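Read the structure below first, then the notes.
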Amino acid sequence: MRVEHEVHQRRKGRNFGILGVLLAFILIVFGVTVAKIQTGGFSEGFDHVARPGMLPVEEESQ
């Protein structure tokens, strides 16, 4: 039976820590993406063209 060296044990712990951070980041990005898709906000991309939806609304006075 092989005994694991102390350096390998520490490295394994750090690797699991990085795995947890990466999974948390992926879940946050996925959650934000799902929330934006469900609300329908910011669905237009930036294409350097003036869009009527971006112009301020002018009130008509009578």
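The values are calculated or read from the model by the stated rules, or taken from the named source; none is laboratory data. What you are looking at is a predicted structure, and each value in this text was computed from that prediction instead of being measured. Quick note on the areas: whole protein, heavy atoms, side chains included, nothing else; ligands and nucleic acids left out. Shrake-Rupley method; radii C 1.70, N 1.55, O 1.52, S 1.80 Å.
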Exercise. For Rg and Dmax of the Cα atoms in Å, which listed value, (1) 24.8, 91; (2) 13.1, 41; (3) 13.6, 46, comes from the coordinates shown?
Worked result: (1)
Problem set entry | Residue-level accessible surface for Leu19, protein heavy atoms, 1.4 Å, Å² | 90 Å²
Problem set entry | Derived scalar couplings ³J(HN,Hα) [the range 10-21; Karplus, 6.51 cos²θ - 1.76 cosθ + 1.60; whole Hz; x for Gly, Pro] | 5, 5, 5, x, 5, 4, 5, x, 5, 4, x, 5
Exercise. When all protein chains stay in place, what accessible area (Å², nearest 10, 1.4 Å probe) is found for Val32?
Worked result: 80 Å²
Problem set entry | Accessible heavy-atom area order of His48, His8, highest first, probe of 1.4 Å | His48, His8
